[in-house]
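Down below is the structure, laid out as structure tokens.
The values are calculated or read from the model by the stated rules, or taken from the named source; none is laboratory data. For clarity, every value in this text was computed on a predicted model and none was experimentally measured. Here Cβ is always computed from backbone atoms with ideal geometry, including for glycine, and neighbour counts include all displayed protein chains.
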Amino acid sequence: MYEVYIRSFCDGDGDGVGDIAGLRSRLAYLADLGVDAIWITPWYESPMRDGGYDISDHRAIAPEFGTMGDAEALLAEAHRLGLRVLVDLVPNHTSDRHPWFQEALAAGPGSSDRDRYLFRRGTGDAPPNDWESQFGGPAWTCVDSAEGWWYLHLFAPEQPDLNWADASVGDEFEAILRYWFDLGVDGFRVDVAHGLVKEQDLPGLRPHGDGIDHPHWDRPEVHDIYRRWRSVADGYVEPRVFVAEAWVSTPDRLARYLRPDELHTAFNFDFLTAPWLAPRLRAVIDATLAAHAAVGAAPTWVLACHDAARTVSRLAREQADAPVRSLADLLERPADFEVGQLRARAAVLLLLALPGGAYLYQGEELGLPEVEDLPPDVRRDPTWERSGHRDPGRDGCRVPLPWSGTQPPFGFSPEGASKLPWLPQPPAWADRTVEALAGDPDSMLSLYHRALRLRRDHPALGDGTLRWLPSPPECLFFARDPGFGCLVNISSYPVSLPEGTGVLLASQSLGPDRQLARDTAAWLDVA
Ligand code: NOJ
């Protein structure tokens, strides 16, 4: 699965913003890369206060991305190329411009029009409770200081949280699912899947050592919603699937979303945030496999997405024994980007060899690093403002892709475009365009091509199980049947490949005597 962050993928009409026309023009690239499906981040009508995760009309396409006709053409063309298409569903909140929220504001306190959101009274100048916005600051905004009415937003103030205890919310989302399924989308990525249900009476935060029994994350009642959605999806003849974005405390808690009558898969963020250390990776792999096996669901593996610092830049740092997610976690640490590239190459061979599904994020196949020095005045992520400029936010992994040429916009926008890309591309990306890398057999892009081809063709890869094999210290070595082995050298010295194995693919050339250098992975024929 390949994540398309639509704003930054390809600009068809020259306004500096990626769009459906641009995506359509690059579908052949994606099919040729060897992915099976794409997930498109929100393309709906939206004031774009959080990259489209603030939806004002779930049944309309944002004009800057195109029209409903473009969306239908994209679905048809993708399907013709053998690509399935998932779109984003954002059920935790709407935009504050959504007609429901506008009606709620206009209706005033006490009106049932407010029941679809979470309006509460504060005390004096204080909000109703101590919940915090994920982007910084309180999770409440006051709409009527005289009477002290506030509304809840776990994200930006422009993203009021829906009240899933109100029946009309569930009915509307069922209708939205059917609307897009009927148009031919193959599935949904479910945004903030762990957040929809809040504890009744919205109690204040309390200590949650294990992250369980939290007042607004991972509430047990949320699973009823997914059972209902699953039955909607199962009502279609052609498969329709869900993938959950659920940041929960343990793999077991994640697996609860994947019970047979709930969602199909979930992003494995423990893998994304794991440091490049053999024991930590192995622990994540084991815990993931065990938890998913218990519910009969396929695990997934993910190294990057539009919410996390790019893989090359995470792995360029000395690896501390703690999870790393955002640019703010990295900035203090010195970076060696060559090491970051080597590790990213090895990491994707590890990812693609593991049992289950794999999620790729646009640009990782080009080895793009995080853009760490975006000028403050171009940053759009609400995190930057809401953190009081302490956290630079997620724009650095959302810079428009470089396709061709030697200077910005690097083919992202067509010739003669009226505007520059919405975030500036580093001039050094001239060496990282699709065009530049496609011609180089040793490039990251060529590695992705080869790995995805092999993954498709090799009977051991994809779904299944793995068996750990004895390995040198600080290495990961496992077998998949029939006849496949993956050895990843995470140590700081070279290791020899096991006797009697053939090399199917390696993340960099082998040294003398079949040595696997540090930060290198090899796919082996162990038949
Ligand atoms: C998760 C999305 O991936 C992220 O980009 C967004 O800001 C939040 N959910 C809120 O919708």
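Taking the range 468-527, which residues are at pLDDT 95 or above and charged (D, E, K, R)? Glu474, Arg480, Asp481, Arg518, Asp519, Asp525 - these are the residues of the range 468-527 that are at pLDDT 95 or above and charged (D, E, K, R).
Look at Ala78 and say whether it is aliphatic (A, V, I, L, M) and either in contact with a Pro (Cβ under 8 Å, 6 or more places away or on another chain) or surrounded by fewer than 20 Cβ atoms within 10 Å (Cβ to Cβ) (or both).
Criteria not met by Ala78.
Provide a single number: the residues in the range 481-525 that are buried (at least 19 other Cβ atoms within 10 Å of the Cβ) and in contact with a Gly (Cβ under 6 Å, 6 or more places away or on another chain). Adding up the residues that qualify gives 1.
Please determine, by comparing only the residues of the range 6-20 that are surrounded by 24 or more Cβ atoms within 10 Å (Cβ to Cβ) and in a loop (DSSP other than H, G, I, E, B), which one is nearest to the chain's Cα centre (by Cα).
Restricting to residues being surrounded by 24 or more Cβ atoms within 10 Å (Cβ to Cβ) and in a loop (DSSP other than H, G, I, E, B), the top hit is Phe9.
All of Arg240, Arg206 fail the test of being over 13 Å from Trp164 (Cβ atoms), out of contact with any Asp or Glu (no Cβ under 6 Å at 6 or more places or on another chain) and at pLDDT below 95, apart from Arg206. Looking at (1) of a type outside the set (D, E, K, R); (2) within 15 Å of the ligand (Cβ to nearest atom); (3) surrounded by fewer than 20 Cβ atoms within 10 Å (Cβ to Cβ), which one does Gly34 not meet, given that it meets all the others? Of the numbered conditions (1) of a type outside the set (D, E, K, R); (2) within 15 Å of the ligand (Cβ to nearest atom); (3) surrounded by fewer than 20 Cβ atoms within 10 Å (Cβ to Cβ), the odd one out for Gly34 is (2). Residues in the range 81-92 that are more than 14 Å from the ligand (Cβ to nearest atom) and crowded, with 16+ Cβ neighbours inside 10 Å were compared, and the one that is nearest to the chain's Cα centre (by Cα) is Val85.
Could you check how many residues of the range 319-367 are in contact with a Lys or Arg (Cβ under 6 Å, 6 or more places away or on another chain) and either among the small types (Gly, Ala, Ser) or modelled with pLDDT of 95 or more (or both)?
Going through the range 319-367 one residue at a time, the tally reaches 3.
Restricted to the range 316-398, the set of helices (runs of 4 or more DSSP H) holding at least 1 residues that are out of contact with any strand residue (DSSP E or B) (no Cβ under 6 Å at 6 or more places or on another chain) and more than 16 Å from the ligand (Cβ to nearest atom) comprises 327-330, 337-353. Somewhere in the range 483-493, is a residue in contact with a Ser or Thr (Cβ under 9 Å, 6 or more places away or on another chain) and part of a loop (DSSP other than H, G, I, E, B)? No. Criterion applied to Ala479, Ala430, Ala438 was being among the small types (Gly, Ala, Ser) and free of Cβ contacts under 8 Å to residues at least 12 places away in the same chain, and the one residue passing it is Ala438.
In this structure, does Trp229 turn out to be closer than 12 Å to Gly195 by Cα and either more than 16 Å from the ligand (Cβ to nearest atom) or assigned to a loop (DSSP other than H, G, I, E, B) (or both)? Steps first, answer last, please.
Working: closer than 12 Å to Gly195 by Cα: no; either more than 16 Å from the ligand (Cβ to nearest atom) or assigned to a loop (DSSP other than H, G, I, E, B) (or both): yes.
Considered against the rule, which asks whether it is closer than 12 Å to Gly195 by Cα and either more than 16 Å from the ligand (Cβ to nearest atom) or assigned to a loop (DSSP other than H, G, I, E, B) (or both), Trp229 comes out as no.
Of all residues in the range 191-200, those that are more than 10 Å from the ligand (Cβ to nearest atom) and either of a type in the set (A, V, I, L, M, F, W, C) or under 22 Å from Asp36 (Cβ atoms) (or both) total 2.
Yes/no per residue for (1) surrounded by fewer than 18 Cβ atoms within 10 Å (Cβ to Cβ); (2) at pLDDT 95 or above; (3) under 17 Å from Ile225 (Cβ atoms):
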residue	(1), (2), (3)
Val248	no, yes, yes
Leu254	no, yes, yes
Asp261	yes, yes, yes
Thr273	no, yes, no
Trp276	no, yes, no
Leu281	no, yes, no
Thr288	no, yes, no
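Residues that are of a type in the set (Ser, Thr, Tyr) and surrounded by fewer than 15 Cβ atoms within 10 Å (Cβ to Cβ) were ranked within the range 366-422; the one that is nearest to Phe9 (Cα to Cα) is Ser404.
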